[in-house]
Amino acid sequence: MKSLSRKALTIEPSQTLALFARAKNMKAEGIDVVSFTAGEPDFPTPAIIKDAGIKAIQENFTKYTPNPGIPELRKAIAEKLKKENQVAVEPSQILVSNGAKHSVFNALQAICNKGDEAIIPAPFWVSYPEMVKLVDAKPVLVKTTFANQFKMTAAQLKKAITKKTKLLIINSPSNPTGAVYTPEELAEIGKVVASAGIYVIADEIYEKVIFDGIRHFSLGSIKEIRDQVITVNGCSKAYSMTGWRIGFMAAKREIIKAAEDYQGQVTSNANSIAQRAALAAFTNNLDADLNSMVSEFDRRRRYLLGQFREIEGIDFVYPRGAFYLFFHAKSYLNKAFDGKRMKSSDDLCEYLLLEHQVAMVPGTGFGDRNWIRLSYACSMEDLQKGVERLKKGLARLG
């Protein structure tokens, strides 16, 4: 029998999806697992969005749509970007896809050639390096520091750029750290981008989940690099629409055309019903739903921060966005339980899952094997139960 694709066989599976599935399977077996793995809001999709989806079905809006998205949705997204993000684009500069992840991949397909380099600050979202590899480019990981809340500096970017550099991928608010780049930090990065002439994929999927009175800033709003920035966003996090699978990218027309042609050969249009639902999300005032969700995330965040400050021997990033706490159980690595030594976050997460039934994602997949990502997109009841188990588990290590 012929061999399988070498490219497919060398791609690492998504660690977050794998651990989410493992925790779910344990629950199905009757094990009381508290899962802090999922990167999705635990709130229902707002009623007005669900109603729009139901209406689309009732009106038989269930056929193919134009490949880049229905015109009214592209128009609504362009208007949202102009009004909220100061990103000046026309509807023809929007491509609607099957989630923001799909949009990132489409963007990479549109701009990368074999051997190109993509700069990715580490820690990073697990899929960025693997998607870069899938388009035959090379991920260049720039190690950031805890002292700077794991945010890449303009100086670090400048140092990492070579003749082969094609793009930078930046995510703010960040998964996994929850860090948020300031307008000043992004402006400095923008100067380096302008000077080097590279592209930027700005993944802004968490832009609405932001705390402490901070306002989101879009790199694509900087006039000098407007044509170099590919803005990626979607409905999953802001409107609790993870399963609806609607994302989009906004860029100059040449990039959109290339990505559109690629999508046309691979998936064609995004789900027609979900597009109508997304249109309702972008054309109705859902501030009350959004504010309620973010307020609850903030309540959980503050609870976690209070609890983690009480645990000796732990460092953590102060999260200002998204719904993750990224922590380093530095004093518990190299300790042991039942003869097994905790050599990395993988060992620690395995121990906490099997012995204390609390599931988290080790930092290995995010680019740092000593850190752990905890998602607080769960109920406060589960959060309290899980934190108590975490504390108990750490205390038992010797």
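Table: residues versus (1) at pLDDT 90 or above; (2) within 24 Å of the chain's Cα centre (by Cα); (3) surrounded by 15 or more Cβ atoms within 10 Å (Cβ to Cβ); (4) not hydroxyl-bearing (S, T, Y).
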{"residue": "R6", "(1), (2), (3), (4)": "no, no, no, yes"}
{"residue": "M26", "(1), (2), (3), (4)": "no, no, yes, yes"}
{"residue": "P44", "(1), (2), (3), (4)": "yes, yes, no, yes"}
{"residue": "D51", "(1), (2), (3), (4)": "yes, no, no, yes"}
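How many of the residues in the stretch 215-268 are in contact with a Pro (Cβ under 6 Å, 6 or more places away or on another chain) and of a type in the set (A, V, I, L, M, F, W, C)?
1
A76 versus (1) within 21 Å of E260 (Cβ to Cβ); (2) touching a strand residue (DSSP E or B) at 6+ places or on another chain (Cβ under 7 Å): which is the lone unmet condition?
Condition (2) is where A76 drops out.
Is it the case that the stretch 248-257 has a residue that's at pLDDT 95 or above and under 22 Å from E40 (Cα atoms)?
Within the stretch 248-257, one or more residues are at pLDDT 95 or above and under 22 Å from E40 (Cα atoms).
What strands (runs of 3 or more DSSP E) completely inside the stretch 165-251 contain at least 1 residues that are more than 19 Å from F282 (Cβ to Cβ)?
Output list reads 165-171, 199-203, 229-234.
Take the conditions free of Cβ contacts under 8 Å to residues at least 60 places away in the same chain, surrounded by fewer than 17 Cβ atoms within 10 Å (Cβ to Cβ) and within 20 Å of the chain's Cα centre (by Cα) and apply them to G306. Does it pass?
When the stated conditions are applied, G306 does not pass them.
Would you tally the residues in the stretch 364-374 being surrounded by fewer than 24 Cβ atoms within 10 Å (Cβ to Cβ) and either closer than 18 Å to R300 by Cα or of a type outside the set (D, E, K, R) (or both)?
Count: 3.
Looking at the stretch 171-183, is at least one residue modelled with pLDDT of 95 or more, within 30 Å of E79 (Cβ to Cβ) and over 19 Å from the mean Cα position of the chain (by Cα)?
Taking every residue of the stretch 171-183 in turn, at least one turns out to be modelled with pLDDT of 95 or more, within 30 Å of E79 (Cβ to Cβ) and over 19 Å from the mean Cα position of the chain (by Cα).
Which condition number in (1) touching a helix residue (DSSP H, G or I) at 6+ places or on another chain (Cβ under 9 Å); (2) closer than 30 Å to L286 by Cα is the one that E84 fails?
(1)
For the structure I just gave you, tell me whether V266 is surrounded by fewer than 18 Cβ atoms within 10 Å (Cβ to Cβ), of a type in the set (A, V, I, L, M) and either within 22 Å of V180 (Cβ to Cβ) or touching a helix residue (DSSP H, G or I) at 6+ places or on another chain (Cβ under 9 Å) (or both).
Yes, satisfied.
Mind listing whichever residues of the stretch 30-40 are under 19 Å from L383 (Cβ atoms) and either of a type in the set (G, A, S) or in the same structural domain as A278 (by TED's automatic domain parsing) (or both)?
Across the stretch 30-40, the qualifying residues are S35, A38, G39.
Considering only the stretch 326-342, state which residues are surrounded by 17 or more Cβ atoms within 10 Å (Cβ to Cβ), in contact with a Gly (Cβ under 7 Å, 6 or more places away or on another chain) and not in a loop (DSSP other than H, G, I, E, B).
F326
So which of D315, D261, D289 is among the acidic types (D, E) and buried (at least 17 other Cβ atoms within 10 Å of the Cβ)?
D289
Within the stretch 222-232, is there a residue that is surrounded by fewer than 21 Cβ atoms within 10 Å (Cβ to Cβ) and farther than 29 Å from R320 by Cβ?
Yes, the stretch 222-232 contains at least one residue that is surrounded by fewer than 21 Cβ atoms within 10 Å (Cβ to Cβ) and farther than 29 Å from R320 by Cβ.
So which of M1, M26 is assigned to a loop (DSSP other than H, G, I, E, B) and not assigned by TED's automatic domain parsing to the domain that holds E224?
Result of the check over M1, M26: M1.
If I filter the stretch 317-345 down to residues being without any contact (Cβ under 8 Å) to a residue 60 or more places away in the chain and closer than 27 Å to P41 by Cβ, which single residue comes out as farthest from the chain's Cα centre (by Cα)?
Going through the qualifying residues, I end up with S345.
The values are calculated or read from the model by the stated rules, or taken from the named source; none is laboratory data. This structure is a prediction, so every number in the text was calculated from the model and none was measured. Quick reminder, even Gly has a Cβ in these numbers, built from the backbone with ideal geometry, and neighbours come from all protein chains shown.
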